[in-house]
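> Supplied in structure tokens, the structure appears directly below.
The values are calculated or read from the model by the stated rules, or taken from the named source; none is laboratory data. Computed from a prediction, not measured in an experiment: that's the story for all the values here. With ideal geometry, Cβ positions are generated from the backbone for all residues, glycine too; neighbour counts draw on all protein chains shown.
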Amino acid sequence: MDFDLNDDQRLLRDSVDRLIADRYDFEARRRFTAEPEGWSRANWVRFAEQGWLGLPFTEASGGFGGGAIEIALVMEAFGRGLVVEPYLASILLAGRLLEEAGEAALVRRIAEGELLGAFAHLERHSGWDLEDVATKARPRGDTWHLTGTKCVVLHGDCADVLLVTARTAGAQRDRDGIGVFLITPDAPGLTRHGVPTQDAQRVAEITMSDTPARQLAFAGDALATLERVRDQAIAALCAEAVGVMEQMHATTVDYLKTRHQFGRAIGEFQVLQHRAVDMYVALEQARSMALFATLMAAEADSPRRRAAISAAKVQIGRSGRLIGQEAIQLHGGIAMTIEYKVGHYFKRMTAIEEMFGNADTHLEQVATAESIL
């Protein structure tokens, strides 16, 4: 199998790397996170101008028809730059769901950077199970009315449209009877409370009390669509994690070469060289599994896709933890300071490990899968 990038993919990779290198150094990122929404609207406009916001959408929806590989190239670069803009929340989750629902006009506005979306599905009791939904949706006239609470909604405090899962029928954990509803922030009975997270992102708690909403219509089963979009988002998140791990490893190796103790660079001590090699091996293992997830993201067979994505998430979690812990320990006390970047990378890596289920959760998925081949 040929794993080389084509000319268009190389051009995309180079353009993303160049913009991140020019405009997204560590000090610039600190300024972006200090802005009122926790990220830069000016950067979002640049992303739109570069075509990155429209990358995963079809041309009919105002996008460029990019696939999982193109998304992975962007996300890996975002990981290296610790990008805080809501690409995962607005583009890869909310935007993709709107496209699946045939909402081309809204998708076009998202691709142009005019509209921000957020996907609200997590509830306090549900873990990461998409079918565990207690939020109720009841019809009244021509509209639906939602009552319930969603938590840890990625960038939910600044979204212009909220896509909310709610139950129209059945028991709390039934796979049937789940719908996806569109709500605007000014809807009656809706409140949202945003907070910063340890990795400098933002999440919100969304509370609905008899809030009017419009149900989205999918060509197939709504839950199956949710699972497919989620799996594709996890594959993209794995690519971001590789970028994060790359920087933790590179920063640590550079530190070992420049930090002197006992009259010599500490990188000359063999035991520290061995630990740096362990980090590199873990990084390459994660890179291989992230590529596997990327290649399997478009798999139509849901069980095979799910098993592959889970296997990748397991390795990403394990590699990220090893690389992050070694990076902190080999740096010593400086790594724990807020002024030094390696600790921020480890915080983001820790958050990525927990998103959509940690390594232990996904290991259970792999263990119960019949085959991932």
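> Of (1) in a helix (DSSP H, G or I); (2) surrounded by fewer than 23 Cβ atoms within 10 Å (Cβ to Cβ); (3) among the polar types (S, T, N, Q), residue 252 satisfies all except one. Which?
For residue 252, the exception is condition (2).
> For residue 85, indicate whether it is touching a Ser or Thr at 6+ places or on another chain (Cβ under 6 Å), within 26 Å of residue 180 (Cβ to Cβ), crowded, with 19+ Cβ neighbours inside 10 Å and not assigned by TED's automatic domain parsing to the domain that holds residue 231.
no
> Taking residue 365 and the conditions (1) in a helix (DSSP H, G or I); (2) closer than 30 Å to residue 223 by Cβ; (3) under 19 Å from the mean Cα position of the chain (by Cα), which numbered condition does it fall short on, given that it satisfies the others?
Answer for residue 365: the failing condition is (3).
> Also: Looking only at the stretch 162-195, how many residues end up being crowded, with 17+ Cβ neighbours inside 10 Å, over 13 Å from residue 151 (Cα atoms) and among the β-branched types (Val, Ile, Thr)?
Within the stretch 162-195, residues that are crowded, with 17+ Cβ neighbours inside 10 Å, over 13 Å from residue 151 (Cα atoms) and among the β-branched types (Val, Ile, Thr) number 4.
> Out of all the residues in the stretch 161-172, is one or more free of Cβ contacts under 8 Å to residues at least 24 places away in the same chain, out of contact with any Phe, Trp or Tyr (no Cβ under 8 Å at 6 or more places or on another chain) and among the hydrophobic types (A, V, I, L, M, F, W, C)?
The answer is yes, given that some residue of the stretch 161-172 is free of Cβ contacts under 8 Å to residues at least 24 places away in the same chain, out of contact with any Phe, Trp or Tyr (no Cβ under 8 Å at 6 or more places or on another chain) and among the hydrophobic types (A, V, I, L, M, F, W, C).
> Being outside the structural domain of residue 247 (by TED's automatic domain parsing) and in a helix (DSSP H, G or I) is the requirement here; does residue 90 meet it?
So residue 90 passes the test.
> Something else now. Among the residues of the stretch 22-60 satisfying the criterion of being surrounded by 15 or more Cβ atoms within 10 Å (Cβ to Cβ) and hydroxyl-bearing (Ser, Thr, Tyr), which is nearest to residue 103 (Cα to Cα)?
That would be 40.
> From 369, 327, 311, which residue is touching a residue at least 40 places away in the same chain (Cβ under 8 Å) and surrounded by fewer than 18 Cβ atoms within 10 Å (Cβ to Cβ)?
Only one candidate qualifies: 369.
> Enumerate the pairs (first residue in the stretch 11-37 and closer than 20 Å to residue 52 by Cα and not assigned by TED's automatic domain parsing to the domain that holds residue 196; second residue anywhere and assigned to a helix (DSSP H, G or I) and polar (S, T, N, Q)) with beta-carbon separation below 8 Å, excluding pairs fewer than 6 apart on the same chain, so at least 6 apart or on different chains.
15/50; 16/50; 19/50; 23/43; 24/43; 32/43
> Further question on the same structure: When the stretch 138-180 is examined, which residues are found to be farther than 11 Å from residue 120 by Cβ and of a type in the set (A, V, I, L, M, F, W, C)?
Scanning the stretch 138-180 gives 144, 158, 169, 171, 178.
> From (1) surrounded by 19 or more Cβ atoms within 10 Å (Cβ to Cβ); (2) acidic (Asp, Glu); (3) more than 20 Å from residue 296 (Cβ to Cβ), pick out the condition that doesn't hold for residue 70.
Residue 70 satisfies all of (1) surrounded by 19 or more Cβ atoms within 10 Å (Cβ to Cβ); (2) acidic (Asp, Glu); (3) more than 20 Å from residue 296 (Cβ to Cβ) except (3).
> Report, by residue number, each residue of the stretch 298-329 that is under 21 Å from residue 76 (Cβ atoms) and outside any helix (DSSP H, G or I).
If the condition is that a residue be under 21 Å from residue 76 (Cβ atoms) and outside any helix (DSSP H, G or I), then 298, 299 are the ones that fit.
> Turning to a different aspect of this structure: For the structure I just gave you, tell me whether residue 135 is outside the structural domain of residue 88 (by TED's automatic domain parsing), surrounded by fewer than 20 Cβ atoms within 10 Å (Cβ to Cβ) and among the polar types (S, T, N, Q).
No; evaluated as a whole, the condition is false for this residue.
> Go through 124, 108 for me and flag whichever is modelled with pLDDT of 95 or more and either outside the structural domain of residue 85 (by TED's automatic domain parsing) or closer than 19 Å to residue 94 by Cα (or both).
108
> Among the residues of the stretch 93-117, count how many are assigned to a helix (DSSP H, G or I), touching a Ser or Thr at 6+ places or on another chain (Cβ under 8 Å) and crowded, with 22+ Cβ neighbours inside 10 Å.
5
> Residues to consider are 261, 273; find the one that is at pLDDT below 95 and either over 20 Å from residue 297 (Cβ atoms) or touching a Ser or Thr at 6+ places or on another chain (Cβ under 8 Å) (or both).
Only one candidate qualifies: 261.
> Please pick out the residue among 273, 232 that is more than 25 Å from the chain's Cα centre (by Cα), part of a helix (DSSP H, G or I), more than 30 Å from residue 138 (Cβ to Cβ) and of a type in the set (S, T, N, Q).
On inspection, the qualifying residue turns out to be 273.
> In the stretch 135-169, what residues are β-branched (Val, Ile, Thr) and on the phi < 0 side of the Ramachandran plot?
The answer is 135, 143, 147, 149, 153, 161, 164, 165, 168.
> For the stretch 330-358, name all the residues that are part of a helix (DSSP H, G or I) and either in contact with a His (Cβ under 9 Å, 6 or more places away or on another chain) or charged (D, E, K, R) (or both).
Result: 341, 342, 343, 347, 348, 353, 354.
> In the set 32, 78, which member is of a type in the set (Phe, Trp, Tyr) and closer than 14 Å to residue 237 by Cα?
Residue meeting the stated conditions: 78.
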